[in-house]
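Visitor: One structure, as structure tokens, below. Some questions next.
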Amino acid sequence: MTLETLQEVIVDSQDGYKFIVANVTDGNGGTRMVIRANQDCDYHQDILALLRREVRPHGLDAHCTGGGRIEINPAEKTIRIWDYSENFGEENDRKETVRMLQAAFPDVQVSGQ
């Protein structure tokens, strides 16, 4: 895995839970912003730990820039993000998070507050 092959958005497909936005770096000045959401994680730092386990074997590292809550409704084809992480705050650019989610799920209406 490299920064170029790293999947930008990975979220579980339904219900509500927490998400993070993180910068993944390669140690050579390269960086890529990613979104991760896992309904089995109770805390934002748990999602970051999973991401680090995903990327570190490939010489990459991850640093959380913020997060919040995400709700996915497949029946209505909607994704809604809101709130913030108590540990990491709100991501730097919520509009960019919405754009990334919309690109990953083009048939779904994405909104952010």
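Visitor: Which condition breaks for Ser111 when tested against (1) within 27 Å of Thr2 (Cβ to Cβ); (2) open to solvent by 30 Å² or more (accessible area, probe 1.4 Å); (3) not hydrophobic (A, V, I, L, M, F, W, C)?
Guide: Against the list (1) within 27 Å of Thr2 (Cβ to Cβ); (2) open to solvent by 30 Å² or more (accessible area, probe 1.4 Å); (3) not hydrophobic (A, V, I, L, M, F, W, C), Ser111 comes up short only on (1).
Visitor: Looking at Arg52, Arg56 in this structure, which one is among the charged types (D, E, K, R), open to solvent by 80 Å² or more (accessible area, probe 1.4 Å) and over 18 Å from Glu90 (Cα atoms)?
Guide: Just one listed residue meets the conditions, Arg56.
Visitor: On to the next question. Can you say whether Gly27 is assigned to a loop (DSSP other than H, G, I, E, B) and over 15 Å from Val11 (Cα atoms), as far as the supplied structure shows?
Guide: The answer is yes for Gly27.
Visitor: How about the stretch 63-80: which of its residues are of a type in the set (Gly, Ala, Ser) and open to solvent by 20 Å² or more (accessible area, probe 1.4 Å)?
Guide: Ala75
Visitor: Would it be correct to say that Ile47 is within 14 Å of the chain's Cα centre (by Cα), surrounded by 15 or more Cβ atoms within 10 Å (Cβ to Cβ), closer than 19 Å to Pro106 by Cα and not hydroxyl-bearing (Ser, Thr, Tyr)?
Guide: Answer is no for this residue.
Visitor: Restricting attention to the stretch 81-108, and to residues there that are over 16 Å from Glu8 (Cα atoms) and among the hydroxyl-bearing types (Ser, Thr, Tyr), which single residue is least open to solvent (accessible area, probe 1.4 Å)?
Guide: Result: Ser85.
Visitor: Tyr17 fails exactly one of the following numbered conditions: (1) touching a residue at least 12 places away in the same chain (Cβ under 8 Å); (2) surrounded by fewer than 17 Cβ atoms within 10 Å (Cβ to Cβ). What is the number of that condition?
Guide: Just one mismatch for Tyr17, condition (2).
Visitor: In the stretch 64-113, what residues are outside any strand (DSSP E or B), at positive phi and under 15 Å from the mean Cα position of the chain (by Cα)?
Guide: Passing the criteria: only Asp83.
Visitor: For the list (1) open to solvent by less than 70 Å² (accessible area, probe 1.4 Å); (2) out of contact with any Ser or Thr (no Cβ under 6 Å at 6 or more places or on another chain); (3) outside any loop (DSSP other than H, G, I, E, B); (4) not charged (D, E, K, R), I need the number of the one condition that Leu3 fails.
Guide: Condition (3) is where Leu3 drops out.
Visitor: Restricting to the stretch 20-55, and then to whatever is touching a Lys or Arg at 6+ places or on another chain (Cβ under 9 Å) and in contact (Cβ under 8 Å) with a residue 60 or more places away in the chain, can you tell me which residue is farthest from Thr97 (Cα to Cα)?
Guide: By that ranking, first place goes to Ile20.
The values are calculated or read from the model by the stated rules, or taken from the named source; none is laboratory data. Since this is a predicted model, take the numbers as computed values, not measurements. Cβ sites come from the backbone with ideal geometry, for glycine too, and all protein chains shown count toward neighbours. Accessible surface areas use protein heavy atoms only, side chains included; no ligands, DNA or RNA. Shrake-Rupley method; radii C 1.70, N 1.55, O 1.52, S 1.80 Å.
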